[in-house]
Amino acid sequence: GPDGLSAWFLMLLGLAGLPAALAGWAAADQAPRRLMLWPLLLAGLALALSAADAFGLLLGFALAALTAHALLSAEGAWVTNPRLGRLDLLATLLSVTALAVAVGLLTGLSGDLSFAGLRAAPPEAGQAAAILLLVLPAAAARAALPLLAPLPPGPALLLVGGAMPPMAIYLLARLLLDLGGPAQPLWWGTPLLAGGALLALAGALRALRQAELSPLLGGVALAHLGLVGAGL
């Protein structure tokens with residue numbers, strides 16, 4: 001079953017994600033196939049957070065990332081800026097690919113995908129550096145881009161903007177700290193510290209330039225996300 005790390009993030013998902021999804025489901029006047037995006041996103045997030053092996057984590061991450069993009073598209077997030085929508089789709093595909101390669105590097109030649117097996121044989125040297133360089137942008141892209149979507153405050157923005165960043169933080173905590181961190185040298189945390197500080201600064205500057213509530217909240221969320229990354 002889920003360990004303490006998974007249970008903590010599942011609690012956050014239940015407290016924030018489930019009410020947002022239920023509110024969106026009740027308020028939406030859409031075709032049934034579009035309404036299915038709400039529970040599908042929750043299912044992907046729950047699968048990623050409760051997985052006991054790397055395959056389940058990858059499958060849940062891919063399902064949640066693709067469904068989040070589809071939900072934002074269905075809500076008209078990219079109507080005023082189609083280029084941002086294409087960028088979000090590209091970032092989604094690249095982040096899933098990067099995570100798949102990172103999982104492949106983690107498993108190595110043993111083929112053991114369980115977290116217990118991966119924890120017993122952490123990556124070293126160049127392999128560890130490659131995993132770090134793959135996981136960081138994959139998590140950052142899926143956490144930051146949904147917060148930039150020009151959506152009015154509502155259930156869709158709350159679900160995507162409130163659920164995807166915690167999943168990205170879980171991804172960093174699970175792969176970089178829990179499975180790979182204890183065996184790494186001191187420089188292992190430097191990219192997280194620098195990237196988190198830059199993201200916090202960018203989010204704060206973005207929030208200060210906004211006059212409307214939705215982009216203001218997005219900037220504040222980016223700043224908080226950067227602080228959490230630096231804290232890791």
* Asked: Inside region 52-129, counting only helices (runs of 4 or more DSSP H) that do not spill past its ends, which hold 2 or more residues that are of a type in the set (Lys, Arg)?
  -> 82-107
* Asked: Could we say that ALA52 is of a type outside the set (Phe, Trp, Tyr) and over 29 Å from ALA197 (Cβ atoms) here?
  -> yes
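The rows are residues; the columns are (1) at pLDDT below 85; (2) under 24 Å from ALA51 (Cα atoms).
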site	(1), (2)
GLY85	yes, no
LEU94	no, yes
LEU113	yes, yes
ALA140	yes, yes
ALA149	yes, no
* Asked: Within the bounds of region 200-209, is there any residue that is within 18 Å of the chain's Cα centre (by Cα), assigned to a helix (DSSP H, G or I) and within 30 Å of SER114 (Cβ to Cβ)?
  -> no
* To do: Working carefully through the options VAL160, VAL135, find the one that is crowded, with 24+ Cβ neighbours inside 10 Å, of a type in the set (Val, Ile, Thr), modelled with pLDDT of 75 or more and out of contact with any Pro (no Cβ under 8 Å at 6 or more places or on another chain).
  => VAL135
* Asked: Which one of these does ALA168 not meet: (1) surrounded by fewer than 17 Cβ atoms within 10 Å (Cβ to Cβ); (2) assigned to a helix (DSSP H, G or I); (3) hydrophobic (A, V, I, L, M, F, W, C)?
  -> (1)
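The values are calculated or read from the model by the stated rules, or taken from the named source; none is laboratory data. As the structure is a computational prediction, the values presented were derived from the model and not from experiment. Cβ atoms come from the backbone with ideal geometry, glycine included; neighbour counts cover every protein chain shown.
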